[in-house]
Amino acid sequence: MKTERKASWRRVDWWRLLAGALSGALAGFAALAAAELISSAVRPESGPVVAVGGAAIDRTPAAVKDWAIQRFGTDDKLVLQLGILAVLALLALVLGLLALRRRRTGSAGVLLFGVVGALAAVTRPDSTSPLDAMPSLVGAAVGAVLLYVLMGRLIPHPVPAAAGLDPAPRGEWDRRGFLLAASAAAAASTGAGVLGKSLNAASGKDAVASRAGVVLPAPASAAAAVPRGVRPKVPGLSSFVTSNKDFYRVDTALVVPKVNADTWRLRIHGKGVARERTISYADLLRRDLNERDITLTCVSNEVGGPYAGNARWLGVPLAELLEECGVRPPSRGGPADQLVSRSVDGMTIGTPVDDVLDGRDAMLAVGMNGEPLPFTHGFPVRMLVPGLYGYVSACKWIKDIELTTFDSYDSYWVKRDWARKAPIKTQSRIDTPRPFARPRAGTVMVAGVAWAQHRGVDKVEVRVDDGPWRPADLAAENTRDTWRLWSFPWQAASGGHTLSVRATDRTGTVQTDERTRTIPDGASGWHSVVVTVD
Ligand SMILES: Nc1nc2c(c(=O)[nH]1)N[C@H]1C(S)=C(S)[C@@H](COP(=O)(O)O)O[C@H]1N2
Ligand SMILES: [Mo]
């Protein structure tokens with residue numbers, strides 16, 4: 001019994017199994033490489049990994065997506081793509097093993113993945129042509145043929161009985177032929193993949209050139225001068241203005257849209273739009289521009305989180321533009337209560353018309369901290385509405401504004417369980433000391449930021465352990481649309497301590513200690529930091 005099993009064990013041709021799995025992996029690699037090359041001729045977003053990744057993002061439950069944003073931050077997209085590649089690699093190995101038994105089924109499996117990729121590509125909201133299916137289909141065809149060919153080298157040929165020897169227990173396969181074919185395929189795929197990648201990286205050259213050619217005009221209405229003393233000199237405290245490089249980025253785009261400003265158009269239409277309009281970038285720059293400091297915050301920001309930034313924006317007053325189109329707010333009899341902005345990458349964002357037209361500095365921004373919008377922050381044009389979370393106001397790469405009602409249309413995030421309306425909650429954050437810091441006993445500077453955009457921050461208080469709330473020193477206020485920095489000299493005694501902070505906005509509302517999740521309309525609660533004083 002025992003010996004018999006040993007014999008059959010030895011009869012398994014492990015090298016052949018390995019070669020089968022390797023063939024699957026090679027077929028997958030060749031398919032992706034060919035797809036990359038084809039996508040550079042169609043458009044970079046049409047590649048299977050980007051398309052399937054985009055479709056996955058759209059279908060991810062809100063809670064999982066929020067967790068990914070918390071956990072991986074701006075790297076969330078990289079993690080997703082690596083995850084997709086890992087799953088594909090595993091499936092390719094399995095297909096290779098399957099193909100050893102069923103050569104055609106293996107190849108059919110590869111084709112099936114191509115169909116999935118093609119479906120994802122043509123159903124992306126930004127897909128405008130069935131050609132988007134090509135990278136996945138051609139890639140899969142290449143992979144399927146390669147797998148079939150490699151399997152041909154792995155068919156065992158029975159060894160004839162000769163010279164008095166018994167027939168070999170198993171046939172021999174064409175090891176040399178396999179190695180030659182496999183290495184040729186690997187080399188060709190690498191070449192195609194590298195070429196495709198570099199062509200894709202170079203795509204959007206016209207957009208890059210159009211951005212380089214932008215000369216931002218001087219604002220007709222300059223930003224209020226930033227008062228001296230908006231930032232206490234405390235090391236580790238956020239700067240008052242967030243540089244473009246440090247500004248947080250949250251969006252669903254796996255490939256940053258590269259939009260050519262020269263051909264970009266914005267259409268304004270919908271309910272109650274008496275004079276529909278299509279506007280070019282040059283049209284926008286010819287108008288009177290406002291320069292404003294505005295703090296933007298993401299609804300996915302956890303208490304104490306990093307998704308808030310303050311920049312100096314340059315843009316066209318949105319209310320003026322809408323009024324020229326004949327738009328009236330619902331309070332003055334307008335039929336539309338929701339403004340839906342659409343981006344070139346298929347994002348939809350719904351904003352209350354009342355908020356846009358109530359006199360606040362809602363704008364179509366073209367400049368950020370003195371330069372044209374960076375591509376990652378929405379070049380050529382994005383929307384901004386002070387006081388509202390980004391997902392209900394700050395559409396990047398905007399191309400269309402439709403006036404409609406909240407009853408008749410749910411925007412992207414609302415379809416995914418986030419609130420229809422989301423004013424920014426009054427929040428405060430301790431920047432320093434960092435959690436688990438070990439400051440020396442004596443005076444320790446506690447400092448951070450507080451925001452309540454469009455209401456303004458009136459007071460910040462700090463509490464040590466369970467002691468009384470004591471007022472922090474509020475730095476000068478720039479405008480009520482910007483965050484306010486604060487500091488608090490703490491006479492720290494040795495031992496473990498918990499520092500907490502809370503803000504009060506100008507409506508008199510004190511930041512609540514009630515902890516809520518980010519879903520559906522933003523996290524609430526106090527930020528606390530635990531430190532050990534030496
Ligand atoms: N086209 C597009 N615009 C978008 C988003 C997006 O995913 N796609 N995300 C929104 C969200 S949730 C936020 S918080 C802000 C972030 O803007 P930023 O990346 O410039 O900081 O952009 C908003 N505009
Ligand atoms: Mo956001």
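Relative contact order for the chain: 13 percent, from Cα pairs under 8 Å spaced at least 6 residues apart, divided by residue count.
For region 425-476, rounded, prolate or oblate, judged on the Cα gyration tensor with a ≥ b ≥ c (square roots of eigenvalues), a/c < 1.5 rounded, else prolate if a/b > b/c? Prolate, because a/c is 1.5 or more and a/b exceeds b/c.
In the chain, the longest principal axis of the Cα atoms and the axis of helix 103-123 are about 20 degrees apart. Measuring r between the beta carbons of His157 and Ala89 and using R0 = 35 Å, the FRET efficiency lands at 0.70. Bridgeable lysines around Lys258 (alpha carbons under 20 Å apart, same-chain partners fewer than 8 residues away excluded): Lys77, Lys197, Lys205, Lys245, Lys396, Lys399.
Using Cβ counts within 10 Å as a stand-in for footprinting exposure, how do Thr297, Thr242, Thr263, Thr482 rank, fewest first?
Working: Thr297 24, Thr242 20, Thr263 11, Thr482 27.
Ascending Cβ contact count within 10 Å gives the list Thr263, Thr242, Thr297, Thr482.
Which shape class, rounded, prolate or oblate, goes with region 265-416 when its Cα gyration tensor gives a ≥ b ≥ c as root eigenvalues, a/c under 1.5 marks rounded, and past that a/b bigger than b/c marks prolate? The shape class here is oblate.
Relative to the longest principal axis of the Cα atoms of the chain, helix 76-101 runs at roughly 10 degrees.
So what is the relative contact order of region 231-294, in percent, for Cα pairs below 8 Å that sit 6 or more residues apart?
Working: 27 pairs, mean separation 12.5, N = 64.
Over region 231-294, the number comes to 20 percent.
Evaluate the Debye formula for the chain with equal point scatterers sitting on the alpha carbons, no solvent, and hand back log10 of I(q)/I(0) at q = 0.06, 0.10 Å⁻¹, in q order, two decimals. So the normalised log intensities are -0.41, -0.89.
From the mean inverse distance of alpha carbon pairs (Kirkwood) and the Cα radius of gyration, derive Rg over Rh for region 80-131. Don't skip to the answer; put the middle values down first.
Values: Rg = 13.6 Å, Rh = 12.4 Å.
Reported Rg/Rh (Cα atoms, Kirkwood Rh): 1.09.
Distance between the pseudo-spin-label points of Ala41 and Ser243 (7 Å out from Cα toward the beta carbon): 4.3 nm. Eigenvalues of the alpha-carbon gyration tensor of region 1-136, scaled by 5 and square-rooted, set the equivalent ellipsoid semi-axes at 35, 20, 11 angstrom, largest first. Rounding to the nearest 10 and keeping the result within 0 to 90°, find how far the Cα-based axis of helix 175-202 lies from the longest principal axis of the chain. Approximately 20 degrees, to the nearest ten.
Counting neighbouring Cβ atoms within 10 Å and putting the fewest first, the residues Ser528, Ser331, Ser23 line up as Ser331, Ser528, Ser23. Please give the net charge around Asp293, taking every other residue with its beta carbon less than 10 angstrom from that of Asp293, where Lys and Arg add +1 and Asp and Glu add -1. Combined, the nearby Lys, Arg, Asp and Glu give -1. Across the alpha-carbon set of region 427-533, the Rg to Rh ratio works out to 0.98, Rh being the Kirkwood radius.
Values in this text are rule-based calculations from the coordinates and carry no lab data. Predicted, not measured: the structure shown is a model, and the values here were computed from it. Cβ: placed from backbone, ideal geometry, glycine included. Neighbour counts: every protein chain shown.
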